[in-house]
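Readers should treat all values here as calculations from the given coordinates under stated rules, not as data from a laboratory. Everything quoted here is computed from the prediction, not taken from an experiment. Because the Cβ atoms are built from the backbone with ideal geometry, glycine has one as well, and the counts that use them run over all protein chains shown.
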Amino acid sequence: MSGEKEMTAGQEPSVAKVIELIGSSPKDWSDAASNAVKEAAKTIRNIRGVYLKECTAKVKGDKIVEYRSVVKITFIVEREN
């Protein structure tokens, strides 16, 4: 469990949720993935990781005009007390 906290006595186990998003950018695939995480962070708390699933691009003529990154974002589900 590298980088993860160990559970202590009395602590509830956490539950993670994964969503899939497509980010875009005129710059590159890395920026497209970053844009997806930035947008998700506006409405989702406790983001713990991102998995780059696929990279695609929109082409006009002989040039890439839009980079697209399909990402899976993992976040911890909050519990109500």
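For the reader, a short list of remarks on this structure follows.
- The residues packed around VAL18, meaning those with a beta-carbon under 14 Å from its beta-carbon, carry a net charge of +3 if Lys and Arg are +1 and Asp and Glu are -1.
- Environment charge of THR74, counting only residues whose C-beta is closer than 10 Å and scoring Lys/Arg +1, Asp/Glu -1: +3
- Bridging of LYS42 to lysines at a Cα separation below 28 Å is possible for LYS5, LYS17, LYS27, LYS53, LYS58, LYS72, once same-chain residues fewer than 8 apart are set aside.
- Computed from Cα atoms alone, the Kirkwood hydrodynamic radius reported for the stretch 17-76 is 11.6 Å.
- Nearest-0.05 FRET efficiency for ARG45 and GLU66, computed from C-beta distance (R0 35 Å): 0.75
- Derived scalar couplings ³J(HN,Hα) [the stretch 31-41; Karplus, 6.51 cos²θ - 1.76 cosθ + 1.60; whole Hz; x for Gly, Pro]: 5, 5, 5, 4, 4, 5, 5, 4, 5, 4, 5
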